[in-house]
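The values are calculated or read from the model by the stated rules, or taken from the named source; none is laboratory data. Since the structure is predicted, the reported quantities are computational estimates derived from the model, not experimental observations. Positions of Cβ are generated from backbone atoms using ideal geometry, with glycine treated the same way; all protein chains shown enter the neighbour counts.
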Amino acid sequence: MKEIILNKIDEIKDEIIDLSMDIYNNPEIAMEEFESSKKLASYLRTKGFDVEEKLAGMDTAFRATKKNGEGPKIAICAEYDALPYGHACGHHLIGTMSCAAGIGLAEALSEYAGEIAVIGTPAEEIGEGKPYLIDHNIFQYYDLAMMIHPFAETCIDPTISTIGGYDFTFIGKTSHAGAKPFDGINALDALVSFYNNVSVLRQQLKDGTRIHGIVLEGGSVVNSIPEKAVMRYEVRSEDMKYYHEVVDKVVNCAKAAALATGCELKYGPFERVCLGLKKNTTLANVFRSVMGEFNIEEHDQQNGGSTDMGDVSYTIPAIHPMVKFVENGADAHTLEFMNASIKPFAYNMLINGAKAMAMTGLEVLKNPAIVEKMKQEFNNK
């Protein structure tokens, strides 16, 4: 069966690479992946999968399923949203790699009972897709979920941080900056004070915690005291409990700035909180046991940033290996990474990654007891 699966993936190799290039050349940002999702779903339909589009009412989500009786239910997650400047996070590789893995693994259903689903999960870059599908009870049906993310180095069990984003709006009072600045309340001063407060806070934070932000608004006329200023921050932490402590500290930094300047403060989330990765060593070790054949060699422990796959990992056992896809060592979300993600090395790793996931799934189908071991570990953490 192993050779049948691997041969199947080799058989569709050129189609998968062409599909990946098509998605790369036509990037679509989160929640607008209409063509990308349609192309992936249509391709899986041609391979005999039962396909549901607009899954759970989400326009760019889909599910493609093959089933044989009652056995392990395996979900393989596909991502395909781009950043505003293109596919600098490698989602053109993820979506097609997951399709290839699902198509290959589905060959095993001629011999083993089980169910294979490729789930199209949009909007990873804003953390919306997978949490929405969880809210609509999509992932709860499955025994496990997996995907591979392209990266500069390989780490099978990366540390994924909890992340959430917040907007802070300071409201002051405008006045003429030259004639009567004393009649105004400077919202930009409040924002600058807030920024400085957070900058000082950073040196007191535990390792594995990040705060990063941008100014959204700081006034529009240079000769008027700004009456409104807006700052956007994201907070990340490897420790979920500590994440909430840090958010409280950031809010206090904003309140102090508002108090010091006499501004009114309004704040709230601009995105939902995505959870860190709940590791499942049992499933990760199954992946480790097969990956060597496909030129995947683990490097040092990595911090894999943040992803909504973390939410899946708190719903069912899941893995999210970060695998080296670029030879130039470039980090994701850079133009260097984006350019390297369409080189022959990246596409070779796309096929190798698909094979590694398919072999991981095959081990589960062959040994259903692994599912119980995964679930036991999941429930005990």
### Query
Given Val198, Val222, Val235, Val250, which one is buried (at least 19 other Cβ atoms within 10 Å of the Cβ) and more than 25 Å from the chain's Cα centre (by Cα)?
Val198
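Step by step: first the residues of region 203-218, then only those that are farther than 14 Å from Val247 by Cα and not small (Gly, Ala, Ser), then the one that is surrounded by the fewest Cβ atoms within 10 Å (Cβ to Cβ). Which residue is that? It would help to see each step written out before you state the result.
Initially, region 203-218 is screened for residues farther than 14 Å from Val247 by Cα, giving 203, 207-208, 214-218.
Now drop any that are not not small (Gly, Ala, Ser), which leaves 203, 207, 214-217.
Numbers: Gln203: 6, Asp207: 8, Ile214: 9, Val215: 13, Leu216: 14, Glu217: 17.
Filtering first and then ranking leaves Gln203.
If you go through region 107-130, how many residues are of a type outside the set (Ser, Thr, Tyr) and closer than 21 Å to Ala332 by Cβ?
Quick first cut of region 107-130, residues of a type outside the set (Ser, Thr, Tyr) only: 107-109, 111, 113-120, 122-130.
Restricting the remaining residues to those that are closer than 21 Å to Ala332 by Cβ gives 120, 122-130.
Selection size over region 107-130: 10.
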#### Entry: Qualifying positions in region 111-138 - within 25 Å of Pro27 (Cβ to Cβ), of a type in the set (Val, Ile, Thr) and not in a loop (DSSP other than H, G, I, E, B)
Val118, Ile119, Ile126
### Query
Under 8 Å by Cβ, and 6 or more places apart or on different chains, what pairs join a residue from region 258-269 that is basic (Lys, Arg) with one that is outside any helix (DSSP H, G or I)?
Lys266/Phe168; Lys266/Thr169; Lys266/Ile171
### Message
If Leu277 satisfies all but one of (1) farther than 10 Å from Ile156 by Cα; (2) at pLDDT below 90, what's the number of the condition it fails?
### Response
(2)
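To keep it simple, each residue is scored yes or no on (1) touching a helix residue (DSSP H, G or I) at 6+ places or on another chain (Cβ under 9 Å); (2) more than 21 Å from Glu125 (Cβ to Cβ).
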{"residue": "Gln203", "(1), (2)": "no, yes"}
{"residue": "Asn223", "(1), (2)": "no, yes"}
{"residue": "Ala229", "(1), (2)": "yes, yes"}
{"residue": "Arg232", "(1), (2)": "no, no"}
{"residue": "Val251", "(1), (2)": "no, yes"}
{"residue": "Thr261", "(1), (2)": "yes, yes"}
{"residue": "Arg272", "(1), (2)": "yes, no"}
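Matching residues to (1) farther than 30 Å from Tyr24 by Cβ; (2) among the hydroxyl-bearing types (Ser, Thr, Tyr):
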| residue | (1), (2) |
| --- | --- |
| Glu327 | no, no |
| Tyr347 | no, yes |
| Leu362 | no, no |
| Lys366 | yes, no |
## Note on the structure
Asn379 fails exactly one of (1) surrounded by fewer than 17 Cβ atoms within 10 Å (Cβ to Cβ); (2) touching a Ser or Thr at 6+ places or on another chain (Cβ under 9 Å), namely (2)
### Task
Mind telling me which of the residues Val286, Val290 ends up being buried (at least 20 other Cβ atoms within 10 Å of the Cβ), in the same structural domain as Glu327 (by TED's automatic domain parsing) and touching a helix residue (DSSP H, G or I) at 6+ places or on another chain (Cβ under 9 Å)?
Val286
### Query
Of the residues that make up region 81-93, is at least one assigned by TED's automatic domain parsing to the domain that holds Tyr142, in a strand (DSSP E or B), touching a Ser or Thr at 6+ places or on another chain (Cβ under 7 Å) and buried (at least 24 other Cβ atoms within 10 Å of the Cβ)?
no
### Message
Regarding region 165-172, can at least one residue be identified that is touching a residue at least 60 places away in the same chain (Cβ under 8 Å) and acidic (Asp, Glu)?
### Response
yes
### Task
Say whether the condition of being outside any strand (DSSP E or B), in contact with a Lys or Arg (Cβ under 8 Å, 6 or more places away or on another chain) and in contact (Cβ under 8 Å) with a residue 40 or more places away in the chain is met by at least one residue in region 18-33.
yes
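Okay, residues lined up against (1) in contact with a helix residue (DSSP H, G or I) (Cβ under 8 Å, 6 or more places away or on another chain); (2) in a helix (DSSP H, G or I):
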{"position": "Thr315", "(1), (2)": "yes, no"}
{"position": "Gly329", "(1), (2)": "no, no"}
{"position": "His333", "(1), (2)": "no, no"}
{"position": "Asn339", "(1), (2)": "no, yes"}
{"position": "Ile342", "(1), (2)": "yes, no"}
{"position": "Phe345", "(1), (2)": "no, yes"}
{"position": "Asn348", "(1), (2)": "no, yes"}
{"position": "Asn352", "(1), (2)": "yes, yes"}
{"position": "Lys355", "(1), (2)": "yes, yes"}
